[in-house]
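The values are calculated or read from the model by the stated rules, or taken from the named source; none is laboratory data. It should be emphasised that the depicted structure is a prediction, and the values quoted were computed from it without experimental measurement. Every residue, glycine as well, gets a Cβ built from its backbone with ideal geometry; the counts of neighbours run over all protein chains shown.
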Amino acid sequence: MRRFPTVLLPTGLALLFIGGLMMLLTLRAKPQTVVAALPEGHPPLPDYGRGSALIPSTKANFFAPGTQPNPAMETITDPFICSNCHSDYSEEITQPVAYEPWMGWQGSMMAQAGRDPVFYAALDIAGADVQFGGEFCLRCHLPRAWLEGRIVSGTLASDPLENPIDLEGVQCEVCHRLSDPTPGPENDPRDVYVINNTITTTIPITYGNAAMVFDPEDYRRGPFDVVADLGFDPHLFNDADTVQSAYHQESFFCGTCHDISNPLLAWNEISQTYTLNPLGQPFTDTTKMFPIERTFSEWRLSEYNTPAGVYAPEFGGNKTHVSTCQDCHMRDVTGVGGSLFGDTNGLPVRDDLPLHDMTGANTWVPQIIPLHPVFSATFYADPNLGAKRLQALDLGIERARYMLQNAAVMTTTFDVSTGVLTAWVVNNAGHKLPTGYVEGRRMWLQVEGYDQAGHLIYSSGAYDLATAELTEDADIQIYESKHGLTPAWAAQLGLPSGESFHFALNNVIVSDNRIPPRGFNFDAFVAVGAEPRSDSQPDPAMYADGQYWDEVVYDLPEGVVYGRVRLLYQTSSKAYIEFLRDNNPNASDPNNNGQILYDLWAATNRSAPEVMAEVVFGGRNVYLPVVIR
């Protein structure tokens with residue numbers, strides 16, 4: 001395909017959502033319309049004015065090309081309806097229940113994107129920092145509401161009584177009605193029709209920032225010709241045809257929401273910094289925007305993005321070599337993808353059935369969503385449906401742990417005569433390790449050295465489960481990316497300069513030592529804003545071209561004869577959770593999203609780190625707990 005170089009809740013449950021949702025999502029009135037500067041020939045955009053945020057940005061500042069909100073489009077189907085044929089049939093054919101598309105999806109963070117308490121706490125702060133910030137964030141997290149026109153003034157404006165389904169995150173039809181933005185002759189004619197007849201924007205659609213092409217009619221797409229396989233269209237209740245789509249097997253599909261840039265800030269060649277774009281005007285050149293997340297670009301510039309791919313059967317399921325995002329995050333399994341209302345007779349058993357789990361590394365947030373004062377109704381108001389949802393979340397946590405335990409390989413050497421311990425961490429993922437949303441997310445090495453009598457005499461990277469404190473000793477090796485504010489920009493905002501969790505305001509990557517993937521090239525990563533950085537500057541010496549591992553050397557004290565090295569991963573640090581609590585703009589409300597998140601964090605082992613890899617050195621097999629004090 002042609003590419004540019006540059007992603008049933010029952011109605012009765014709704015009553016349980018109303019009070020809490022009003023706490024979470026504030027309805028604002030629609031202000032007057034103004035005209036924003038646009039490319040020549042582009043239709044004018046509605047703009048909803050400016051408010052009281054730190055930056056009085058407008059709706060136009062968060063414009064993205066492609067499909068625009070359209071309340072008249074055919075509504076996106078409740079994903080619970082999809083479960084009628086895509087769940088509850090595995091016992092008939094003795095396949096794992098996780099192979100059912102609805103069950104795999106329901107256990108993913110994609111399905112929970114509209115319920116993520118971390119997201120809502122961060123969204124509150126982003127909304128106070130930049131007006132209409134929610135317009136930017138909710139396109140990916142609540143795409144159904146955005147596409148159907150229920151995001152107003154940057155917040156969800158729908159009545160939960162009418163649209164509780166909006167909270168189902170990245171739903172079945174959101175993906176299965178996406179159309180290829182650059183269709184070629186290999187595409188179904190429907191994709192060409194959608195581009196030519198439904199897209200009013202004149203700006204080319206590449207990838208990232210939720211710039212998507214969405215079919216306004218319910219033509220469902222997937223990688224297989226299911227009509228030919230079955231001899232009939234299985235979506236019997238649907239007026240539109242089911243369409244085979246090669247686009248759904250391409251990583252560009254995932255790039256829609258997995259390369260995120262801040263459209264408020266663009267690179268300024270004169271000042272050599274990211275500076276504020278004109279307010280009230282759209283800016284759509286993602287190559288110049290401040291990079292927030294670069295997972296797709298990291299993959300695109302890796303060895304995985306080659307015809308041969310990389311040998312990694314631990315990720316590929318039935319495939320030995322993996323190349324695309326889907327190869328790892330929707331790995332091929334052997335099974336049946338659906339039933340006809342519970343009847344699997346005559347349905348094909350596929351060896352290339354995509355496991356619909358979209359598994360990443362998040363093992364903590366799935367634990368807190370069922371405890372949330374609002375979202376818990378999703379799991380407990382209907383015992384039968386809730387039990388399925390809880391089972392799906394538990395299975396998703398198991399898969400996330402599997403991904404973490406296979407994402408890296410660690411080896412060590414230890415010279416007892418000199419006390420020199422060397423640890424190598426090899427990145428097996430198709431992107432940086434760790435990747436994704438950077439705030440609070442980190443990986444580190446925990447090293448323990450013992451003398452002959454078994455006494456702990458050296459420790460680095462100690463973590464206390466009771467307090468969630470990581471001891472940042474002189475030798476600690478933490479893999480993370482830290483964003484922040486330059487002094488001049490911070491002075492304009494009235495905020496401290498340096499490291500910052502104000503993701504909507506940050507204009508500099510202070511540091512980034514995350515391990516690059518196979519095929520890493522420094523110059524190529526610089527071009528997309530994904531390079532290693534130290535002291536707020538690109539650091540070409542951190543990783544050599546082609547290096548996808550890190551080497552860490554420790555000088556252990558005399559007397560250490562054996563010990564252990566652990567590679568640990570944490571979804572959210574204590575500092576980040578406390579920031580979200582302490583900076584919530586609704587501080588007068590004791591049940592604001594920041595406080596709710598903090599309470600959930602405290603009740604669920606404080607986002608305890610996961611063990612990705614462990615190596616014992618010195619020839620002794622020992623069991624040692626994570627907690628070191």
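Things to note:
- Filter pass, E135 being of a type in the set (D, E), buried (at least 21 other Cβ atoms within 10 Å of the Cβ), at pLDDT below 95 and in contact with a Lys or Arg (Cβ under 8 Å, 6 or more places away or on another chain): yes
- Here the condition is being under 29 Å from H483 (Cα atoms) and modelled with pLDDT of 95 or more; of V561, V615, V552, it holds for V552 alone.
- Extreme residue, surrounded by the most Cβ atoms within 10 Å (Cβ to Cβ), among residues of region 539-574 that are among the hydroxyl-bearing types (S, T, Y) and touching a strand residue (DSSP E or B) at 6+ places or on another chain (Cβ under 8 Å): Y569
- When D351, D357 are screened for being acidic (D, E), within 17 Å of the chain's Cα centre (by Cα) and not in a helix (DSSP H, G or I), only D357 passes.
- Considering only residues in region 365-378 that are part of a loop (DSSP other than H, G, I, E, B) and either in contact with a Lys or Arg (Cβ under 9 Å, 6 or more places away or on another chain) or among the aliphatic types (A, V, I, L, M) (or both), the one that is farthest from P96 (Cα to Cα) turns out to be V374.
- Unmet requirement for G231, which otherwise passes all of (1) at pLDDT below 95; (2) touching a helix residue (DSSP H, G or I) at 6+ places or on another chain (Cβ under 8 Å): (2)
- Note on region 520-629: enclosed helices (runs of 4 or more DSSP H) holding 2 or more residues that are touching a helix residue (DSSP H, G or I) at 6+ places or on another chain (Cβ under 8 Å), charged (D, E, K, R) and farther than 17 Å from M410 by Cβ are 574-582.
- Single unsatisfied condition, A211 versus (1) closer than 21 Å to D285 by Cβ; (2) modelled with pLDDT under 95; (3) crowded, with 19+ Cβ neighbours inside 10 Å; (4) out of contact with any Phe, Trp or Tyr (no Cβ under 9 Å at 6 or more places or on another chain): (2)
- For region 397-441, a tally of residues being assigned by TED's automatic domain parsing to the domain that holds S460, among the acidic types (D, E) and within 25 Å of S572 (Cβ to Cβ) returns 1.
- The listed residue being surrounded by fewer than 21 Cβ atoms within 10 Å (Cβ to Cβ), assigned by TED's automatic domain parsing to the domain that holds T413 and hydroxyl-bearing (S, T, Y), out of S536, S460, S481, S500: S536
- Only a single item in (1) part of a helix (DSSP H, G or I); (2) farther than 26 Å from S297 by Cα; (3) polar (S, T, N, Q) is not met by Q326, and it is number (2).
- Among the conditions (1) polar (S, T, N, Q); (2) surrounded by 16 or more Cβ atoms within 10 Å (Cβ to Cβ); (3) at pLDDT below 95, the only one that T412 does not satisfy is (3).
- Filter pass, T320 being among the polar types (S, T, N, Q), more than 26 Å from L355 (Cβ to Cβ) and modelled with pLDDT of 95 or more: no
- Every pair of residues 6+ apart whose Cβ atoms lie under 8 Å, when the first sits in region 266-283 and is closer than 18 Å to L485 by Cβ and in the same structural domain as A64 (by TED's automatic domain parsing) while the second is part of a loop (DSSP other than H, G, I, E, B) and of a type outside the set (D, E, K, R): A266/N277; A266/F283; T273/T486; T273/N507; Y274/N507; T275/N507; N277/F283
The rows are residues; the columns are (1) touching a Pro at 6+ places or on another chain (Cβ under 9 Å); (2) crowded, with 18+ Cβ neighbours inside 10 Å; (3) among the β-branched types (V, I, T).
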residue: A246; (1), (2), (3): yes, no, no
residue: H258; (1), (2), (3): no, yes, no
residue: N262; (1), (2), (3): yes, yes, no
residue: I270; (1), (2), (3): no, no, yes
residue: N277; (1), (2), (3): yes, yes, no
residue: P282; (1), (2), (3): yes, yes, no
residue: S302; (1), (2), (3): yes, yes, no
